[in-house]
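Structure, as structure tokens:
The values are calculated or read from the model by the stated rules, or taken from the named source; none is laboratory data. These figures come from a predicted structure and were not determined experimentally. Cβ placement follows ideal geometry from the backbone for every residue including glycine, while neighbour counts extend to all protein chains displayed. For the accessible areas, the whole protein counts, side chains as well, though only heavy atoms, and no ligand, DNA or RNA atoms are used. Shrake-Rupley method; radii C 1.70, N 1.55, O 1.52, S 1.80 Å.
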Amino acid sequence: MGERLDLKELRLKLDDIDNEILDLLESRVAICREIGNYKRENGIAVLDTSREEEKLKALEEIAGFESKIYVRELFQTIMDIAKEHQNKPAFGVLGRTLAHTYSPEIHSIFDTSYSYSVIEREPEELETLFKSGVFKGFNVTIPYKKNAFQMCDEVDEASKESGSVNTVVFEDGKVKGWNTDYFGFIYMLHRKGISVSGRKVLVLGTGGAASAVFYALKTLGASTIYACDLDTEINYSNVYERAGDAQVIVNCTPVGMYPKVDNSLLDLTKFESLESCADVVYNPSRTKFLLEAESLGKKTCGGLAMLVAQAYKSSRIFAGDLAEAALLGDPDKEIPEQAEKKIENVITILENRMRNITIIGMPGSGKSLLAKYVATVTGRTLVDLDVAFTEKFGRTPAEVISESGEDTFREMESEVSAENLIKSGLVISCGGGIVTRDVNKFYLRCNSNVFYLERPLTALTDKDRPLSQLNGVEKLYSQRKDKYETWCDFKLSYDRFEEKQDFYDTAIADILGKLK
């Protein structure tokens with residue numbers, strides 16, 4: 001048994017090292033891409049064989065005795081990878097600040113024939129960028145979509161109608177532009193079965209995203225399109241009187257976007273004919289606007305699908321597959337099945353990566369230990385809300401309940417929950433009573449895949465759990481069971497396990513299986 005444990009420990013160390021190597025390789029390849037762009041911008045040859053040989057010799061000199069004989073072969077392979085990456089056609093996403101863009105990852109999945117960079121520029125730098133020849137083209141995001149339209153020699157019909165370009169290619173001495181947001185919006189509606197044909201549609205916002213949406217709605221046959229903004233004829237002071245018969249509402253504003261997730265523009269209960277709601281915001285994945293619509297039984301769709309679908313059409317343009325690109329968004333043609341599969345695959349990957357894995361359930365059910373194990377296996381950051389509570393307030397939940405009462409604790413708990421649950425990509429263990437305050441439901445569901453861990457009451461422990469000791473687990477369970485089940489996305493129901501590791505292995509397999 002001892003030898004097997006030693007071997008397991010060694011393998012775990014090896015796993016950690018491999019993960020570090022992957023992180024370093026990712027960073028190295030990214031820097032090589034930047035070097036390639038720099039060289040193109042400054043007219044420097046990408047390949048420098050003399051520097052390459054010098055570098056290989058230097059690495060051999062400093063290598064350790066066990067690895068020295070492998071260093072040349074290893075780094076020659078790494079350098080060959082870098083050269084291949086540097087020589088790919090260079091594309092990217094252009095904006096002013098792009099700290100949290102998912103576009104490079106999306107394009108790397110869709111097509112590996114080109115490299116993709118983040119291109120941050122100030123308005124006065126746009127003209128130089130368009131003339132530099134560094135990039136073969138790029139996507140354009142806010143605030144430059146209308147600038148890009150003005151700088152194009154040729155544009156597609158969607159760009160002409162919207163006055164907005166989000167995809168640029170430099171070809172034959174010309175600047176060519178497309179608006180793929182138009183297709184992205186159509187796809188977002190399509191995948192959730194939302195029809196606008198013959199319907200009255202209210203569009204919130206009149207900016208760059210809205211311009212493509214207006215064109216798409218016209219193309220799809222909306223009977224009436226209401227435009228609502230702060231200074232438009234229909235605005236937020238008269239929208240219920242002027243557009244109260246809207247059947248579909250589309251949010252094209254940044255309201256509700258992370259980190260200001262609490263904001264929402266409308267009272268949806270005042271739209272008696274409302275059928276569906278769409279939101280171009282994709283972080284959080286379920287905005288307050290969409291969750292309110294969902295609670296009223298309306299169809300909803302979020303902005304991640306639009307982001308990914310427009311990127312797919314852009315990728316076809318960048319790769320030179322204009323025939324397929326032309327099919328995407330044509331109202332007279334079906335979306336190709338293969339295209340839909342690729343788009344859905346990326347939506348699933350990103351949605352699961354962006355959303356937290358959040359675990360709820362009764363006190364003593366094993367949430368904290370399971371969350372710790374899930375974080376270790378997935379490489380995600382762990383947040384235990386009870387620990388976060390103690391770090392924030394300097395007192396444990398049990399101490400606050402004992403000294404100040406449960407109501408005070410619940411208010412403080414909600415504050416901690418709101419701070420952490422709106423973030424992305426974490427593993428979060430919640431206190432057992434998070435479902436006792438309805439205000440927590442939005443924070444719990446806005447950016448998480450919520451797993452309810454259900455265990456037999458006889459398997460629960462009430463050690464260091466004052467509410468369980470005071471009220472008894474049976475009473476607490478009867479008070480909370482319905483909310484555990486209605487607030488979660490997935491239910492994990494387990495009896496006792498002989499070995500704790502069996503519990504972990506079964507639960508992690510179930511969690512990862514549900515996120516595929």
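Against the list (1) under 30 Å from Tyr494 (Cα atoms); (2) in contact with a helix residue (DSSP H, G or I) (Cβ under 6 Å, 6 or more places away or on another chain); (3) in contact (Cβ under 8 Å) with a residue 24 or more places away in the chain; (4) open to solvent by less than 50 Å² (accessible area, probe 1.4 Å), the condition Met354 fails is (2). Of all residues in segment 23-62, which are assigned to a helix (DSSP H, G or I), of a type in the set (D, E, K, R) and either modelled with pLDDT under 85 or open to solvent by 60 Å² or more (accessible area, probe 1.4 Å) (or both)? Within segment 23-62, Asp23, Glu26, Arg28, Glu34, Arg40, Glu41, Arg51, Glu53, Glu54, Lys55, Lys57, Glu61 qualify.
None of Asn179, Asn147 is under 28 Å from Val250 (Cβ atoms), free of Cβ contacts under 8 Å to residues at least 40 places away in the same chain and in contact with a Pro (Cβ under 9 Å, 6 or more places away or on another chain) except Asn147.
Filtering segment 354-379 to residues that are among the basic types (Lys, Arg) and touching a Gly at 6+ places or on another chain (Cβ under 6 Å) leaves only Lys367.
Scan segment 153-169 for residues that are open to solvent by 20 Å² or more (accessible area, probe 1.4 Å) and either touching a Gly at 6+ places or on another chain (Cβ under 6 Å) or among the acidic types (Asp, Glu) (or both) and the total you get is 6. Beta carbons closer than 8 Å, at least 6 apart along the sequence or on distinct chains, pair a first residue in segment 205-217 that is more than 14 Å from Thr180 (Cα to Cα) and in contact (Cβ under 8 Å) with a residue 60 or more places away in the chain with a second that is among the hydrophobic types (A, V, I, L, M, F, W, C) and open to solvent by less than 20 Å² (accessible area, probe 1.4 Å) for Gly207/Cys252. Exactly one residue among Ile109, Ile21, Ile17, Ile44 is touching a residue at least 40 places away in the same chain (Cβ under 8 Å) and among the hydrophobic types (A, V, I, L, M, F, W, C), and that residue is Ile109. The numbered conditions (1) of a type in the set (A, V, I, L, M); (2) over 20 Å from Pro331 (Cα atoms); (3) part of a helix (DSSP H, G or I) are all true for Val134 except (3).
Leu10 satisfies every condition listed in (1) open to solvent by less than 70 Å² (accessible area, probe 1.4 Å); (2) over 30 Å from Asn283 (Cα atoms) except (1). For the residues Asn283, Asn251, Asn263, the requirement of being within 27 Å of Lys342 (Cα to Cα), modelled with pLDDT under 95 and either of a type outside the set (Lys, Arg) or over 26 Å from the mean Cα position of the chain (by Cα) (or both) singles out Asn283. Output the residue which, of all residues in segment 292-306 that are touching a strand residue (DSSP E or B) at 6+ places or on another chain (Cβ under 6 Å) and open to solvent by 70 Å² or more (accessible area, probe 1.4 Å), is farthest from Val196 (Cα to Cα). My answer is Glu294. Among the residues of segment 222-261, those that are open to solvent by 30 Å² or more (accessible area, probe 1.4 Å) and hydroxyl-bearing (Ser, Thr, Tyr) comprise Ser223, Thr224, Tyr226, Thr232, Tyr236, Ser237, Tyr240, Tyr258.
If you go through segment 380-393 and pick out every residue that is under 20 Å from Leu369 (Cα atoms) and assigned to a helix (DSSP H, G or I), you end up with 7.
Filtering segment 307-341 to residues that are in a loop (DSSP other than H, G, I, E, B) and either surrounded by fewer than 16 Cβ atoms within 10 Å (Cβ to Cβ) or of a type in the set (Val, Ile, Thr) (or both) leaves Gly320, Asp321, Asp330, Pro331, Asp332, Lys333, Glu334, Ile335, Pro336.
Applying the condition of being more than 29 Å from the chain's Cα centre (by Cα) and open to solvent by less than 100 Å² (accessible area, probe 1.4 Å) to segment 476-494 and asking which residue is farthest from Arg437 (Cα to Cα) yields Tyr494.
When segment 373-405 is filtered for residues that are surrounded by fewer than 17 Cβ atoms within 10 Å (Cβ to Cβ) and not hydroxyl-bearing (Ser, Thr, Tyr), the ones remaining, listed by number, are Val377, Gly379, Val387, Glu391, Lys392, Phe393, Gly394, Arg395, Ala398, Glu399, Glu403, Gly405.
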